[in-house]
Amino acid sequence: MASSEAAAPGPAAPAPEGALVLFSGGQDSATCLAWALERWERVETLGFDYGQRHRVELECRATFRERIAAEFPRWAGRLGADHTLPLGVLGEISDTAMTREAEIRFREDGLPNTFVPGRNLLFVTFAAALAYRRGLRHLVGGMCETDYSGYPDCRDDTLKALQVAINLGMDRRFVLHTPLMWRDKRATWVLAEQLGGEALVERVVEDTHTCYLGDRTHRHPWGYGCGTCPACELRARGWEQYRAEAV
């Protein structure tokens with residue numbers, strides 16, 4: 001069964017099975033990486049270059065991994081190989097504000113024009129294929145149905161169905177974990193603190209990227225971004241709620 005655990009820190013002793021984290025370089029996937037490192041002895045990461053407008057996130061991936069290895073000794077030995085797959089064809093067939101220089105707006109059907117059809121379906125399928133070759137059973141993604149833009153491929157039902165199809169098609173028992181599925185952005189900040197304290201929160205603020213416009217010139221209390229796109233607004237609101245509780 002697909003797993004969307006809401007529990008915070010994992011067991012003290014990591015499980016010997018390995019995991020592959022879909023790691024974009026953003027806040028959510030960075031928190032998921034820490035979540036996985038707390039649970040498994042070997043954790044590898046996978047990113048995708050699909051012609052996204054905010055390609056700067058790919059550069060953030062390496063920095064975040066390096067800082068995690070340097071500043072969190074208990075995780076350093078568990079952090080395995082990193083992989084990046086080129087999926088430029090996804091950008092070529094997508095006419096969205098995520099892959100084109102277009103104004104971000106809502107479509108007539110209520111979805112934002114940042115929705116890239118099939119993106120998560122492809123990402124998880126390619127991740128499973130790589131995990132098959134690497135001998136990794138667990139797949140971890142930052143998809144969320146609580147604080148999100150309404151993307152249908154982020155929904156829990158979608159991902160559970162996808163796990164069933166992948167397991168049947170590959171004749172393996174992969175487990176797809178979505179630890180943020182029922183967490184809003186405030187709770188995601190809380191989880192980062194529970195996993196790695198203020199040190200991890202600081203790394204998420206400084207070294208990850210979530211802004212759809214790829215803006216790393218403006219530094220806000222919650223990190224870098226334009227401050228006005230849907231991703232920045234969600235992140236900022238979650239940060240304000242998280243910090244308000246700490247006062």
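The table for this structure:
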{"quantity": "By average C-beta atoms within 10 angstrom, highest first, the peptides 218-228, 23-33", "calculated": "23-33, 218-228"}
{"quantity": "Which of Met143, Met170, Met181 has the fewest Cβ neighbours within 10 Å, and the rest in rising order", "calculated": "Met170, Met181, Met143"}
{"quantity": "Virtual spin-label span in nm between Thr63 and Glu41, 7 Å along Cα→Cβ", "calculated": "3.4"}
{"quantity": "Contour excess over end-to-end distance, with Cα ends at Ala15 and Phe126 and 0.36 nm allotted per residue", "calculated": "37.6 nm"}
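Each reported figure results from applying straightforward, stated rules to the coordinates on display, with no laboratory input. Bear in mind that the values here come from a model prediction, so they are computed numbers and not experimental data. Cβ atoms come from the backbone with ideal geometry, glycine included; neighbour counts cover every protein chain shown.
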